[in-house]
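Following: one structure in structure tokens, then a few remarks.
Computed from the coordinates by the stated procedures, all read-outs in this text should not be read as laboratory data. Nothing here was measured: the structure is a model prediction, and the numbers come from that model. Cβ coordinates were reconstructed from backbone atoms using ideal geometry, including for glycine residues, and neighbour counts include every protein chain displayed.
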Amino acid sequence: MARVNQNFLKLEQSYLFTRVAQKVNAFAAQNPGRTIIRMGIGDVTLPLAPVVVEALHQGAREMGVKETFKGYGPEQGYAFVREAVAGYYKAEMGVEVAPDEILISDGAKSDVGNIVDLFDTDNTVLICDPVYPVYLDTNIMSGRRVVLMKAGSENGFLPMPDPAVRADLIYLCSPNNPTGAVYTREQLGEWVDYARKTGAIILFDAAYERFVQDPALPRSIFQIPGARECAIEFCSLSKTAGFTGLRCGYTVVPRELCATDASGNRVPLLPLWVRRQTTKFNGVSYVVQKAAAAVFGPQGLAQCDENLACYRQNAQIIRELMEEKGVEYYGGLHSPYIWMRCPGGMKSWDFFDRLLEEQAVVGTPGAGFGAAGEGFFRLTAFGTQEGTREAMDRMRALL
Ligand code: MLT
């Protein structure tokens, strides 16, 4: 009889956002008259930018004409998107990355999950707690040893390297999901120094980079000198351009980045990632890549930023309630997430249940992101402005 991958049996029974959705669906079924305000999963609510929609139409028209029809495309993405992303890095962050170091995918979640294919299961992985569950779950699935580093009020939810802790792979996310905390250049510099000294590789999730409002704060790990020798960066159009339903992201693997083989020889990772993607992935649809390229044009960025400005206002509305009620909170300034302490010392799932049952407002319990998230609660600013205001009015009663 076939045997399962035993590691799957070590996972939580369901993925965090699946559990949240199940609870919300059950509540909705029992309370058909109640208007639920969803501030749980970070899903966008504003429509795509007009230039993106036009690019989708244009792509679809091209697919309907013999001369411009496209079948399989390059698994790594069309050159026009990879060049557009490289141009974005240069213009927005002053970072030089070559188009062939950028691989286009169906989103950062897939790439963050799939990158583990490149690394021996014998590696030790360093992960923050609380954390975006994908980093932890995918390493549990492949049976790697995981060391958790606590993020909490005492370090502003920004853990720093501990010379006593050895790890081969380090996951960092800034602006952070779930806490909204953002590393400074100096702090990321310490991580890069630590990785270079120990030979570790940083897997840097930059999915929320465009929410950073202070030019002094880094938006890419490659703004830090030396990062090309020790880091891979994952980025996404989900939150910054409203692609949660379209699906497109990109991963940057610098040409010089290496890990070692069993004999200690240095092996470049870019060809391995290309090998992995060409074998297991057939690329993002042409139409979606047309839309992605449109995001990086001047009109695209300006139009997408209009949506981001709305989400920032939502974050401000949430932060105002936190200030008014004297609630301890993090994030919401350079991030669409507000990470708040649950009132009255409540546990996070208890607060989730109470907020849902009494006020029909959905958030995400901190404990769902790890044990160190217990006692905290995440709200997203991706709702509508009306919904966010209404949710804060409803929450006022509970705080
Ligand atoms: C979140 O709510 O943490 C994100 O939307 C999840 C994701 O990006 O996969």
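The spacing between region 32-66 and region 290-318, judged by their C-alpha centroids, is 13 Å. Kindly provide the helix-only [θ] at 222 nm of the chain, computed as the sum of -39,500 (n - 2.57) over DSSP H runs of four or more divided by all residues, to the nearest 500 deg cm²/dmol? Using -39500 (n - 2.57) per qualifying helix, the result is -12000 deg cm²/dmol. When the chain is treated as a Gaussian network with alpha carbon springs shorter than 10 Å, the biggest mean-square fluctuation among T138, T45, T18 belongs to T18.
Determine the distance separating the Cα centre of region 163-179 from the Cα centre of region 217-237; give it in Å without decimals. Answer, in whole Å: 13. Our estimate of slack between T121 and F27, defined as 0.36 nm per intervening residue step minus the Cα-Cα distance, is 29.8 nm. Distance from the Cα centroid of region 331-362 to that of region 111-139 is 27 Å (rounded to whole angstrom).
For the chain, the membrane-span-like helices by this rule, meaning whole DSSP H stretches whose C-alpha atoms cover at least 30 Å of axis and whose Kyte-Doolittle mean is -1.0 or above, are 298-324; this says nothing about an actual membrane. Taking a ≥ b ≥ c as the square roots of the eigenvalues of the alpha carbon gyration tensor, region 17-167 is oblate, as a/c is not under 1.5 and a/b does not beat b/c.
The K325 and R389 beta-carbon pair, evaluated with R₀ = 22 Å, returns a calculated FRET efficiency of approximately 0.90. Ellipsoid fit via the Cα gyration tensor, region 258-311: semi-axes of 37, 16, 9 Å, each the root of five times an eigenvalue, largest first.
Projected label points at E374 and A397, each 7 Å from Cα along the beta carbon direction, are separated by 3.0 nanometres.
Quarter the surface of the alpha carbon convex hull of the chain and you get the mean projected area, 22.0 square nanometres. Within the chain, what is the longest stretch that has no GluC sites (Glu not before Pro) placed in a DSSP loop and near at most 14 other beta-carbon atoms within 10 Å? Result, exposed sites excluded: 97-255.
Each eigenvalue of the Cα gyration tensor of region 133-200, multiplied by 5 and square-rooted, gives one semi-axis; in descending order these are 19, 17, 11 Å. Placing unit charges on the Cβ atoms of the charged side chains and taking the dipole of the chain about its Cα centre, the candidate lying farthest along the positive direction among I104, I338, G180 is I104. For region 211-304, the spread of Cα coordinates along the three principal axes comes to 51, 38, 18 Å, biggest extent given first. Bridgeable lysines around K347 (alpha carbons under 30 Å apart, same-chain partners fewer than 8 residues away excluded): K10, K23, K109, K150, K239, K325. A Cβ-based charge dipole, computed about the Cα centre of the chain with Lys and Arg at +1 and Asp and Glu at -1, lands at about 700 debye. Given +1 at the Cβ of Lys and Arg, -1 at the Cβ of Asp and Glu and no other charges, the dipole of region 152-282 around its Cα centre is 600 debye to the nearest 20.
One way to sum up the overall shape of region 189-247 is the equivalent ellipsoid from its Cα gyration tensor, whose semi-axes run 25, 14, 6 Å, largest first. Taking 7 Å steps out from each Cα toward its Cβ at L11 and T184 produces label points 3.9 nm apart.
Per residue, the average separation of C-alpha pairs within less than 8 Å and at least 6 apart gives region 68-296 a relative contact order of 25 percent. Under a model in which nothing but the beta-carbon of Lys, Arg (+1) and Asp, Glu (-1) is charged, region 68-296 shows a dipole of about 500 debye around its Cα centre. Counting only DSSP beta bridges with both residues in region 68-296, the antiparallel share comes to about 40 percent.
Relative to the current alpha-carbon distance between V53 and D100, full extension at 0.36 nm per residue lengthens the span by 14.3 nm. Exposed loop positions in the chain were taken to be trypsin sites (Lys or Arg not before Pro) whose DSSP state is not H, G, I, E or B and which have at most 10 other beta-carbon atoms within 10 angstrom. Between these positions, the longest stretch is 67-399.
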